[in-house]
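What follows is a single structure, written as structure tokens, with notes after it.
The values are calculated or read from the model by the stated rules, or taken from the named source; none is laboratory data. Keep in mind the model is a prediction, meaning the values are calculated, not measured. Heads up, the Cβs are rebuilt from the backbone with ideal geometry, glycines too, and the neighbour counts pull from every protein chain shown.
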């Protein structure tokens with residue numbers, strides 16, 4: 001294949017990837033977009049295999065078969081509730097692959113036309129080191145994120161004194177090593193950079209609490225793109241650069257949306273420690289022995305059946321309890337009774353962007369009944385019932401009224417404006433931010449204590 | 001050796017200069033920016049898994065590393081990277097398709 005033809009094929013692949021993302025602007029075109037993305041990948045792989053550098057196919061085919069089989073099995077078996085950790089695990093693989101490719105270019109530079117061992121171009125060395133470093137950070141960072149999401153380690157932020165100082169020292173050391181590596185092409189320096197980056201990725205994600213995971217996972221998504229970009233610069237391959245830039249900016253935008261959804265700066269999320277135990281006493285006002293109105297499933301069923309409009313507000317608790325199917329069942333019965341049912345999703349509900357939407361889709365909730373915060377927030381004033389299931393902080397009015405609250409300024413769902421708020425909750429414990437929710441004590445709130453799934457099933461039973 | 005590689009190499013299509021690559025990079029960031037802001041919030045999870053799958057295009061670099069006849073360190077590195085990237089490509093696209101298949105409109 002001539003160089004021109006190869007370049008052209010790579011361009012087609014890049015366009016396919018852009019169209020794949022373009023397709024996601026609507027659920028109608030998204031499936032088609034995904035297929036176009038697959039075509040783009042097939043073109044990219046076939047083009048590379050036809051290039052003159054690739055002479056032996058045995059290892060390559062074995063690698064694709066092994067990897068493909070593993071990936072297929074995982075993707076078909078995984079439960080939708082485990083999606084956040086799956087995505088984290090996949091990010092780690094991209095990071096690790098970037099490290100390996102960078103290492104391969106260092107040890108066999110002539111295959112890539114960037115010089116020969118001992119005399120690799122300086123620019124290529126810098127790009128290689130940066131690509132490997134970002135890849136290594138992505139790898140260990142994603143491993144930690146995976147462990148937190150999977151519950152292998154505590155979701156609570158792990159902080160120790162001097163943490164930021166240590167990270168800064170490691171970061172500076174890594175930069176110094178990159179400079180040294182670019183001048184000397186020392187393999188030892190290269191592995192030093194990789195080791196430092198591995199440690200950095202680990203230390204960076206460790207102090208970040210479970211509830212900040214939507215930001216972390218988007219950020220790692222972004223990093224995996226920049227790692228691909230770094231390798232693209234090393235190889236002088238435009239397809240890698242374009243794709244890496246698409247992924248990198250996508251992850252960055254998602255991180256931004258998630259930070260905005262929590263009214264927190266990206267820096268404060270990265271510095272971590274949010275949701276630590278010591279913040280529990282930070283604010284929120286005294287709760288003491290204030291009385292709450294408690295209700296049963298029968299009460300809830302009665303109120304909802306006689307309401308004209310019910311808005312369901314799902315949160316991470318619904319995902320944990322796997323209550324989405326029961327919720328949809330409840331909504332079906334209510335709709336049959338002539339009640340108007342819709343769903344309100346806060347941008348940071350769940351553990352990854354769009355987490356709630358996928359779970360509701362899995363339970364066959366039509367996507368045109370599911371609305372974003374900006375769209376549906378005014379509708380609460382006209383709603384008879386807000387059914388809050390597994391969400392807490394995203395409904396806390398303190399975000400609007402109490403400047404001392406850690407969540408002050410965070411956009412929230414105005415559930416308190418509904419005639420009745422039904423709050424499904426296991427106990428009176430506060431949300432991840434460690435803040436009391438004054439909503440519990442309002443006159444129009446009825447607490448439904450119990451497991452989200454069990455309670456919803458009991459309501460279904462009472463309705464039927 | 002380098003000249004030969006340059007003459008036939010795909011990695012060195014017309015020997016792109018750093019500034020050319022950088023131009024491509026910046027333009028691609030802009031394309032990504034505008035395309036991704038158009039993605040509906042309901043599809044943010046599939047967006048993550050699709051971007052994850054396409055970032056595995058890094059397999060291109062891995063294939064070149066794993067391509068030579070002689071077995072050496074970089075071929076082994078390339079092989080491992082091919083396996084890892086393949087897990088991601090297959091896993092990422094399939095799980096995206098599974099997710100997207102669940103999104104249905106009101107009947």
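Could you list, in sequence order, the residues of segment B:41-71 that are within 7 Å of another protein chain (Cβ to nearest Cβ) and surrounded by fewer than 24 Cβ atoms within 10 Å (Cβ to Cβ)?
B:41, B:67, B:68, B:69
Exactly one of (1) more than 7 Å from chain B (Cβ to nearest Cβ); (2) within 26 Å of residue A:347 (Cβ to Cβ); (3) part of a helix (DSSP H, G or I) is unmet by residue A:264. Its number?
The failed condition is (3).
Residue by residue, here is whether (1) facing chain B (nearest Cβ under 8 Å); (2) assigned to a helix (DSSP H, G or I); (3) modelled with pLDDT under 90 holds:
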| site | (1), (2), (3) |
| --- | --- |
| A:191 | no, yes, no |
| A:199 | no, yes, no |
| A:222 | no, yes, no |
| A:225 | yes, yes, no |
| A:245 | yes, yes, no |
| A:249 | yes, yes, no |
| A:273 | no, no, yes |
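Would you pick out the residues in segment A:372-399 that are in contact (Cβ under 8 Å) with a residue 60 or more places away in the chain, surrounded by fewer than 24 Cβ atoms within 10 Å (Cβ to Cβ) and more than 13 Å from residue A:344 (Cα to Cα)?
A:382, A:384, A:392, A:399
Which ones in segment A:94-127 are assigned to a loop (DSSP other than H, G, I, E, B) and either within 7 Å of chain B (Cβ to nearest Cβ) or closer than 18 Å to residue B:78 by Cβ (or both)?
Filtering segment A:94-127 down to residues assigned to a loop (DSSP other than H, G, I, E, B) leaves A:108, A:113-121.
Of everything in segment A:94-127, those that are assigned to a loop (DSSP other than H, G, I, E, B) and either within 7 Å of chain B (Cβ to nearest Cβ) or closer than 18 Å to residue B:78 by Cβ (or both) turn out to be A:108, A:113, A:114, A:115, A:116, A:117, A:120.
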